[in-house]
1. What is the residue count in the stretch 38-82 for residues that are over 24 Å from residue 217 (Cβ atoms) and at pLDDT 90 or above?
2. Across the stretch 73-88, which residue is surrounded by the most Cβ atoms within 10 Å (Cβ to Cβ) among those that are over 14 Å from residue 35 (Cα atoms) and free of Cβ contacts under 8 Å to residues at least 12 places away in the same chain?
3. In the stretch 123-145, how many residues are assigned to a loop (DSSP other than H, G, I, E, B) and under 19 Å from the mean Cα position of the chain (by Cα)?
C-alpha cells in the first residue's frame with residue numbers, strides 16, 4: 001500500500017490533543033505522577049480545572065489500557081509495572097519496530113527526512129538535565145516513522161507499549177554516555193534511511209533497541 005493511501009494517526013503525546021485523557025497520560029509519561037501515586041479525583045479536578053465526572057471517565061479509560069490500577073481500598077493509582085514487564089515490552093518492540101520501519105524506509109519522502117532531521121537536531125540540543133524532553137523527542141522520532149504505516153492496529157500496539165516504557169523510565173536518569181550512544185544510533189539510522197538501505201536500517205534499529213534494553217535493565 002502506497003503512502004498516499006494511508007492516514008496518519010494521532011498520539012496523545014505529540015498531537016495538539018487537549019482532551020483530559022491526553023493531558024493525564026502526558027503527565028504520567030513525563031513523571032508528574034509516578035508509579036504507585038494515588039490519583040485523587042478531587043485533586044485532579046482542581047489541577048485540570050474540570051469537574052470530577054470527566055476525571056472518573058478518564059481514569060476508567062486509563063484503567064482499561066493498563067496505565068491506572070483501581071482497588072476498593074486505595075482508589076486509583078498509577079500502575080506499578082512489574083520488572084518483567086520491561087523485558088516483555090522490549091521483546092515485543094524488537095519484533096514490532098522493524099515491521100513498521102520497513103514500510104517507512106521504502107515509502108518515505110523528502111519532507112519525512114526533513115522532519116526527522118529537525119527532531120534529531122532538537123535531540124542534540126536538549127539541555128543535559130532536561131531528560132523528559134530527550135525521551136519525548138526520541139519517541140517522537142520513531143513515532144513519525146511508524147505512524148504513517150497502513151496497519152493501524154500495529155501502530156496502536158506500538159504506541160501503547162512505548163507509553164509503558166516511558167512511564168517506567170519517567171523518573172530514572174539517562175547517563176550522558178547513553179545519550180551520546182543513542183544520538184549516534186539515530187544518526188546512523190538517518191544515513192541508512194536516506195539511502196533506502198533496508199537491511200542497514202533494520203540492523204541499526206535492532207541494535208538501538210537492544211542497547212536501550214540492556215541499559216535500562218540495570219534499573220530493574
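The values are calculated or read from the model by the stated rules, or taken from the named source; none is laboratory data. Please read all numbers here as calculations on a predicted model, not as lab measurements. Here the Cβ is made from the backbone with ideal geometry for all residues, glycine too, and neighbour counts use every protein chain on show.
1. Let us first name the residues in the stretch 38-82 that are over 24 Å from residue 217 (Cβ atoms), namely 38-65, 68, 70-77.
Checking which are at pLDDT 90 or above leaves us with 38-64, 68, 70, 76-77.
Result for the stretch 38-82: 31.
2. 88
3. Applying the first criterion (assigned to a loop (DSSP other than H, G, I, E, B)) to the stretch 123-145 yields 126-130.
From what is left, the residues that are under 19 Å from the mean Cα position of the chain (by Cα) are 126, 130.
Residues that pass the stated criteria total 2.
Residues checked against (1) in contact (Cβ under 8 Å) with a residue 24 or more places away in the chain; (2) over 20 Å from residue 31 (Cα atoms); (3) touching a helix residue (DSSP H, G or I) at 6+ places or on another chain (Cβ under 8 Å); (4) not assigned by TED's automatic domain parsing to the domain that holds residue 36:
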| residue | (1), (2), (3), (4) |
| --- | --- |
| 131 | yes, no, no, yes |
| 150 | yes, yes, yes, yes |
| 157 | yes, yes, yes, yes |
| 164 | yes, no, yes, yes |
| 201 | yes, yes, yes, yes |
| 213 | yes, no, yes, yes |
